[in-house]
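Bear in mind these aren't lab numbers, they're just calculated from the coordinates by the rules spelled out. All figures in this text were calculated on a predicted structure; none of them were measured in a lab. Don't worry about glycine lacking a Cβ; one is built from the backbone with ideal geometry, like all the others, and counts go over all protein chains shown.
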Amino acid sequence: MDINRRNMAFTVALFLGGAMLLTSYVTDITSWEAWVPALLAFFLSFAVVSIYLKLTKKYPEKHLPEIFVCVFGKCAGYAVSWAYVFFFLVIACFNTYSVSSFFVGYVMPETPDIVFTVIFVFICSRAVRLGIENITKISIFIFFLISLFIILNFILLLSQMKISNFLPLFDHSFYEYLQAAHTELMNPFGETVVFLMFADKIKNNDFRSALIWGIIIGGVMLMLVVIRSVAVLGVTISISAVPSYEVLRLINIKNMITRIETLYSFLLLILGFFKVSIIYCAISRLTAYLTGLKTEKSIINSVGAFLACMTAVSFTSGFDSVNWGTKYAAFFATPFVFIIPCFLLLVITVKRKGEKAK
Amino acid sequence: MIITLAAFLYIWLSDFKNTKGNIKERAVFLLLFTLSLALAILISAGVKTISPIKAIQTLFDFLHISY
Amino acid sequence: MLRDYLIKKLNGVFYKRDEPQSQSPLSDEIKISGYLNTNLEIVRKITKNCSDVIIREFLMGNIRAAVIYIDGLVNTLSVDQTVIKTLMYGTDDNCEPCCIDEIINKLIVSGEIKKVNTVNDGFEGFLSGDTFLMADGIKEGLIINTKGFEKRSVDDPQTDSVIRGSREGFIENIRTNTALLRRRIKSVSLCVENIKIGRETKTAVDIIYLENVANSELISEIKRRLIKIDIDGILDSGYLQYFLDDNPKSVFSLVDSTEKPDIAAAKILEGRAAVVVDGSPFVLTAPMYFGESFQSPEDYYIHSVAATMLRVIRYLSFFVSILALPAYVALTTFHQELIPTQLLYTMAAAESGTPFASFIEALMMTVVFEILKEAGVRLPKPVGQAVSIVGALVIGETAVSAGLIGAPMVIAVSITAVTAFVTPAQANTIVLLRYILLVLSAVLGGFGITVGLLGILIHLMSLKSFGTPYLAPLAPLRISDLKDTVFLAPVRARLTRPHGLSRKNPIRQKLSD
Amino acid sequence: MKYFRITVSLMMIMVLSGCWSSRELDELAVVMGIGIDKSGDHLECCTQVIVPQNVGSGEEGGAHGEKPYTNFITEGKELSTCISKVSDTTGKYVFMSHNLIAVLDEDAASDGIYKYLDYLMRDNQLRLSVCLFVTDKSPEEVFNAEAPLFEIPSINLSKISEGFPESLSGQNVTVLDFINNMMCKKKGSLVPFITLVDGKIKVCGSAVFNGDKMTGRLDEEDLKGVLWIIGDLKGGDIVLDINNNTLSLRIGRIKSKTFPVLDKNGEIYIKAEIRGDLYLVSDDANMINTIGMDAVVEKLNQSVEKEILTSLSKTKKMGVDIYGFGDMIYRKNPAVWRAIENTWENRFKEIRVDISADFSIIETGSIIGSVKK
């Protein structure tokens, strides 16, 4: 009961911020209108989150596996929970790999990516060892640092923004918007299902308002980044791999503050660190619960090692992860983010009606 | 790659000690330990084909659910 | 586990000796017997090879009595006047031996008198500067306070020097230190609890706190940790710093030490407890926040805007002295594109001659600067100052002209060396953090630095000083406490005590309309 | 503490296996400019590399009379092979992050430059803000040209391109602008054209690109007309002759708004409004007082409109939509654009553009009349 509302809200916002690095999946479908699917996903995410909130309302102070066990009974509940462990593992691998491949691709070309993965997962394991309470406590301080940096970038780039880059509004087919919105919905917003794992550490209505506020703040930050990229790059956004990184290369003030995009990559590292450590914490809590351990402290390092190895195995090159991100990630995530919670809700209401009828 | 293996082993050894008390804790620890060790050896041997994410990709291609 | 084993191994052979160590002669209680000779016999046997113990026998009326004290510790004038003279003349011949209370009430004029009935307490008394009176036929002895050893005068302390603010500093004597604090806080509820620590030294340690402000569990926790110490001697408050620390292995000290009574008084008013150790001018205050090492007493005496500027400069210099060198190494070896073009030419020109990689240059230069600093401190004052400054300049200059080190590197190194002194409390933690970040930046560049900073932040988050989190106002965000960290609100706006420090009465100032 | 032990062990491991992409400053060959010269099918690439020791010692001075830069000429089939060959000759790592300009020669430009642009965009060290130039001489001469005020010719060139808004002689084109124009709907782009006049770099007009191939050239006068519409000018001067005595004005700030208009009977024309304020710089015949300020302004508007129309007719003959009218129509409403898209070439040739220039002379300098002869 010791995470307070404000900390949790900013942690959720930072969690969404982790997707700043990966907006390139959306931009190459709807090139200069990347903000339309982002906005669509922002509003749709409220629908998805309301399902989670209904779940927590029905089972206050219970985290995800406990809800499964209550609803589906012991063995089915455990099976679904193990599926969720696999889901969280895949997201964590995907995020760690995208951060390390970003660093290999852009900042330090000659280092093998296994080095970045190992050190990145090691630092995340140190954060998880602190426990989710302390991670949420740091989040406010780091959130203000990061939003300061983003607003500063926005101002620095104001001179190069052209309104005409937005102009041909709604010139893409509805299918393209839907596809981009679906990918966007699943990537940052859908992954907030991870926070259901920490529902038992926070009072129920605190959790609900924290989740809503977190998504609003995180969504606004993401929108700011996407609008900034579209306004400056215009049409070329569709062919740039990491648009928000490309944009920073263009800042040029008196030839002194120029080429500062490497600082931005460290900022992305911190955001990635936050996102992965939250998912990592969820995995270790889930495995600890499923294997009947009281505290997950002892198996943190093993889960981390497993995560690092799996990241190294699962993606071979940067293109591989981009391909997975654009094509398959959304479909892989939909059952876990949307279908199973809906099914859960259905079963609960049916059960409630059953009891009422008796 | 052997160096990253050495790093993992070092961390596990120090962790192995403080799972003295609870047998179940040690059991889970060992399970994850062997799993990651196997994966690490595979990586150092350069085998990169087997990975769950590739399995999912082939599955989705088979069902051709993809954008 | 591994660490304790190592420590036992290092302390080696003596730890596992089986025969008991030689006990001090007074380990068991010896009662004061009625006969003066036997008592004196015991005292003479124990203090036979101490030349400064004086045993003075005289006649009190017709009873033989003896006074024992240590020459140099006592104020000989007060011993002669208040004790010996009054006893000799004051008693007429027919006084019976058993009127010890009558002696106390009527005869001895000194303020603090204690009745003791064992020789151990007697020893304890006269070893700490009092006189021990025993009379024939009386089963109790008297400890009379006649302390009078030389004390250093209360003058300007070397550390924490300020332009505006009190110049008084603590000194080695515990009583003057508590007196200095008492003078500042004349409140009724200021308690001074005394604990004796150390088998041989029996140093007096005072815990000073405000009864109605400080949390009671904080005080009991401090006492528990102090009583637990079983050591032969405590010579300085530095020893206690280790025992009082929640997480002694961490680089960051969780107990603040200060030499100025007004800082200690301010801390006590905020709800903290001060630990004064006899024989050391440094007073420890617990619990400690990370922000406290950036505060100086001057901030509270000058205008709050100026104080905020000073605070910002202190925080800035803390980060510069940690990050300047690693960032320089990372810039020149990994992310050359961050350097503006014109600067890149000058740097490339400067670096082109130097044989070493910039990481080794940086390491060498920092080690040289550390050596010079240490030499500057250890030498006597005037010489020390000259050595460190001249040394730094000469070595820096010749290294550049000899082409060993690039000029920008010397600038970077000297900046880091200088900014380390802006926050003296963190001076030695900064040095260690700088080395860690330097190695990380040499190996992984900017990525290494960010990872290092995240690691430090996580480590700071895990620290708790007596239950209150170390990064208190920032990490678990307390909006009301932000008035005293980086930004300093004017005095009228600082109404409450830091959160969690004093649950009894958090309000410290009524809002003046 | 265990935490420190583990970090130390990890660090030792990393140090043992070496630091991968760490490179000392003096191992870098800092490239300031790339020149691409296509002769026949193979490519000649001239890269300008800085010699740090002699920088800051002026053109002739130099530590021992050396120039602060050296040009490396390498050939190869592809731009990337040329550039990697540079590291063979210099023995240092080719560091492209500080590159400022890319100079292409005429026949490289006319064969299509997307190959090179693709390399310029894909390399993670090269910037999108690299400026493009076209020259008729070979890039090698451009890089060896005298740069009196700046030591290094490529810095001289980048400063010239930064100065374009202040002078009516060209428009600064970066890789990003060029790619944007290519991806817009059938929009051509202008790249500044430079030649060498007795060893010194001189900008004369600009090259017109249709897609990524150079199709023609605009000289100074026509370029001025085009710039009125597409460039946002902050400087430059205009000479006005009213009944054979001349006035000259300096441009303060020009704001030009061009937008397509669909009038009643479905016919599209472009409306261009040019607002701006100018400073009177020289008026020896005291025309301001004799024929009055409004008359002068009226004359000014007409002369600018005439200038724009002449350059418009010239570009229409070339058939390259450098103004981006097509793109404007597309942005206004995509449906109309899809209707006229495939016939755009000849539609552009006879599109009607009505121009309304409305200037104001806001400053007549520190003397109010001229000397009474």
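Structural remarks
- Folded to 0 to 90 degrees: helix C:341-352 orientation relative to chain C principal axis, Cα: 70
- Measure of compaction for the range C:36-144 (Cα Rg per 2.2 N^0.38 Å): 0.98
- Pairs of Cα atoms in chain D fall into 20 Å distance bins, from 0 up to the last occupied one, in shares of 24, 45, 25, 5, 0 percent.
- The angle separating the long axis of helix C:407-419 from the principal Cα axis of greatest extent in chain C is about 30 degrees.
- A simple spin-label model places the labels of B:Asp61 and C:Ile313 6.5 nm from each other, with each point 7 Å out along Cα-to-Cβ.
- Exposed loop sites here mean trypsin sites (Lys or Arg not before Pro) with a DSSP loop assignment and at most 10 other beta-carbon atoms within 10 Å; chain C contains its longest site-free run at C:250-509.
- Mean partner shielding of peptide A:103-116, defined as the number of other chain Cβ atoms within 10 Å of each residue Cβ, is 5.
- Shielding of peptide A:161-173 by partners, expressed as the average count of other chain Cβ atoms within 10 Å per residue Cβ, is 3.
- Using C-alpha pairs below 8 Å separated by at least 6 residues, the relative contact order for the range C:174-288 is 31 percent.
- Shielding of C:475-487 by partner chains, average beta-carbon count, 10 Å: 2
- Taking amide H as placed 1.01 Å from N in the peptide plane, the amide H of C:Leu190 sits under 5 Å from that of C:Glu211, each at least 5 places away or on another chain.
- Other residues within the sphere of radius under 13 Å centred on the Cβ of D:Leu223, judged by their own Cβ, net out at -2 (K and R +1, D and E -1).
- Length-normalised contact order of chain C in % [C-alpha pairs under 8 Å, at least 6 apart]: 12
- Between D:Phe150 and C:Arg44, the modelled label-to-label distance comes to 10.1 nm, taking each label 7 Å out from Cα in the direction of the beta carbon.
- Listed residues A:Val71, A:Val303, A:Val49, most fluctuating in chain A (Gaussian network, C-alpha, under 10 Å): A:Val71
- Average Cα contact separation per residue, the range D:231-373, under 8 Å, 6 or more apart, as relative contact order %: 30
- Degrees between helix C:36-46 axis and first principal axis of chain C (Cα, 0 to 90, nearest 10): 30
- Qualifying trypsin sites (Lys or Arg not before Pro) in the range A:154-203, where qualification requires a DSSP coil assignment and no more than 13 other C-beta atoms within 10 Å, comprise A:Lys162.
- Using a simple spin-label model with pseudo-atoms 7 Å out from Cα toward Cβ, D:Lys372 and D:Asp198 lie 4.5 nm apart.
- Between the range C:203-222 and the range C:257-312, the Cα center-to-center distance that results, in Å: 17
- Once exposed loop GluC sites (Glu not before Pro) are cut out (DSSP; at most 11 other Cβ, 10 Å), longest piece of chain D: D:61-266
- Taken over the range D:237-373, lysine pairs spaced eight or more positions apart, or on distinct chains, with alpha carbons under 12 Å apart number 4.
- Cβ-defined net charge surrounding D:Ile351, 15 Å radius [Lys, Arg +1; Asp, Glu -1]: +3
- Mean Kyte hydropathy of 1.0 or more with a Cα span along the axis of at least 20 Å, helices from DSSP in chain A: A:35-58, A:74-102, A:113-130, A:132-156, A:204-233, A:261-290, A:300-314
- Low-density loop positions, GluC sites (Glu not before Pro), the range A:1-81 - DSSP coil, at most 14 other Cβ in 10 Å: A:Glu61
- Hits among aspartates and glutamates - C-alpha to C-alpha of A:Lys297 under 20 Å, sequence gap 8 or more where chains match: A:Asp2, A:Glu66, A:Glu133, A:Asp200, B:Asp15, B:Glu25
- Among A:Lys62, A:Lys327, A:Lys294, the largest mean-square fluctuation in a Gaussian network model of chain A, built with springs joining Cα atoms closer than 10 Å, belongs to A:Lys294.
- Relative packing of peptides C:232-238, C:350-356 - highest average C-beta neighbours within 10 Å first: C:350-356, C:232-238
- Within straight-line cross-link reach of C:Lys186, lysines at Cα separation under 28 Å, skipping those fewer than 8 residues along the same chain: C:Lys114, C:Lys147, C:Lys151, C:Lys196, C:Lys223, C:Lys260, C:Lys267, C:Lys483, C:Lys504, C:Lys510
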